[in-house]
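Chemist: Sharing a structure below in structure tokens format, with a few things to ask.
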Ligand SMILES: Cc1ncc(C[n+]2csc(CCOP(=O)(O)OP(=O)(O)O)c2C)c(N)n1
């Protein structure tokens, strides 16, 4: 198992000898996912500041954990239970970029009909379950689905459930972990530990240093990895997935990363943490770090990198324009899919 002590580990040492090899195409795909996530993130903040969209959640610093997990997710087979910071993970798992923008712009074509909280994605055909704004609320959904997979003897499928370290002090988190441990469910838990839960730092959230040690209380293995290293993430999630499909039960992976931006476009992180702290983590920024590693190992050339960045920007520009040109939902659709029948509360 690839392990690293902290998010500050030097350039992917773990990448040198992963248990699961990645092809050059897969490594390039992971890098493209990371670039796409960052570009979509920046676009969300820009559109919000331009007054075009009401809200976006930033995920800068989470690219490696999300792209690595997305590569380990088996499309058409596994079930994904992401949380609101996982737009990158959803895209890396098969969620179309254009649909992210339908959601951000709250257009009628959005899977939630343009009436869902922006960035709260869902796509049944991709196995991506609806995000919960209630912290840890999706954990019990995830273990319920994993229980169904086990009950139906669908042995080659797992549920992957992600969350922040703040979620681990919610009651529902513990209930879900306990049930998964007792039932030895085919589920992989991935904690994206970015060290902050809005303005609450990790040390005020929990009395232990690592989320991973909480796994012992539920009879499952806890693993700490460098969440800035997408190869270590892929390796850990794939290992845990293999264990789950072979009846070995759940694993709790703690990927140590950092949140570079404010919690969302509604938050101002300057009110609770210093610029120096944020900058001290920027030196390990997973996107340029992985770019350097790929170039040094001859996976991509500097010209390839430029071409990829250009292509990602083109995709994001096209999706922005196409989504913006779409109509809003009709007011008459307000209760569609919410209440059965033709119920209209104003009558
Ligand atoms: C049950 C519940 N309590 C509080 C909130 C308000 N809230 C929204 S996001 C958040 C922080 C969660 O932090 P963490 O789980 O570490 O994830 P992160 O946002 O850092 O990725 C809180 C407290 C909520 N949405 N639900």
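Chemist: Order of 101-108, 315-322 by packing, highest average Cβ count within 10 Å first?
Modeler: In decreasing order of mean packing, 101-108, 315-322 become 101-108, 315-322.
Chemist: Determine the relative contact order of region 14-327: mean sequence separation of Cα pairs under 8 Å and six or more apart, normalised by residue count, in whole percent.
Modeler: Relative contact order, region 14-327: 23 percent.
Chemist: Listing 253, 134, 213 from the residue with the fewest other Cβ atoms within 10 Å to the one with the most, what is the order?
Modeler: 134, 213, 253
Chemist: Please rank 292, 38, fewest neighbouring Cβ atoms within 10 Å first, as an exposure proxy.
Modeler: 292, 38
Chemist: Shifting gears a bit: Throw me the Rg/Rh for region 168-232, computed over C-alpha atoms with Kirkwood Rh, two decimals.
Modeler: Reported Rg/Rh (Cα atoms, Kirkwood Rh): 0.97.
Chemist: Put one equal scatterer on each alpha carbon of the chain, apply the Debye formula with no solvent term, and list log10 I(q)/I(0) at q = 0.08, 0.14, 0.15 1/Å to two decimals.
Modeler: -0.37, -1.16, -1.33
Chemist: While we're looking at this one, here's another question. Arrange the peptides 176-185, 330-339, 203-212 so that the one whose residues have, on average, the most other Cβ atoms within 10 Å appears first.
Modeler: In descending order of packing, they fall as 176-185, 203-212, 330-339.
Chemist: Calculate how large, on average over all directions, the projected area of the Cα convex hull of region 28-99 is; give the answer in nm² to one decimal.
Modeler: Convex hull of Cα atoms, orientation-averaged projection: 4.8 nm².
Chemist: For region 79-236, what are the per-bin percents of Cα-Cα distances with bins 10 Å wide, up to the bin holding the maximum?
Modeler: Spelled out bin by bin, region 79-236 gives 10, 37, 37, 14, 1 percent.
Chemist: Taking the Cα centre of each part, how many Å lie between region 283-347 and region 250-267?
Modeler: Rounded to whole Å, the Cα centres lie 19 Å apart.
Chemist: Quick check on region 14-327: of the DSSP beta bridges with both residues there, what percent are antiparallel, nearest 5%?
Modeler: Beta bridges within region 14-327, antiparallel portion: roughly 10 percent.
Chemist: A further question follows. So how many Å³ per residue does the convex hull of the Cα atoms of region 209-347 work out to?
Modeler: 267 Å³
Chemist: Additional query: By count of other Cβ within 10 Å, fewest leading, how are 87, 65 ordered?
Modeler: 87, 65
Chemist: Hey, how many Å between the Cα centroid of region 55-127 and the Cα centroid of region 131-196?
Modeler: Between the Cα centre of region 55-127 and that of region 131-196, the gap is 17 Å.
Chemist: Work out the FRET efficiency for residue 303 and residue 332 from their Cβ-Cβ distance, taking R0 = 56 Å, and round it to the nearest 0.05.
Modeler: According to the calculation, E is roughly 0.60.
FYI, it's all coordinate maths here, none of it is from the lab. The structure displayed is predicted, hence computed values, not measured ones. Methodologically, a virtual Cβ is constructed for each residue, glycine included, from the backbone with ideal geometry; neighbour enumeration extends over all protein chains shown.
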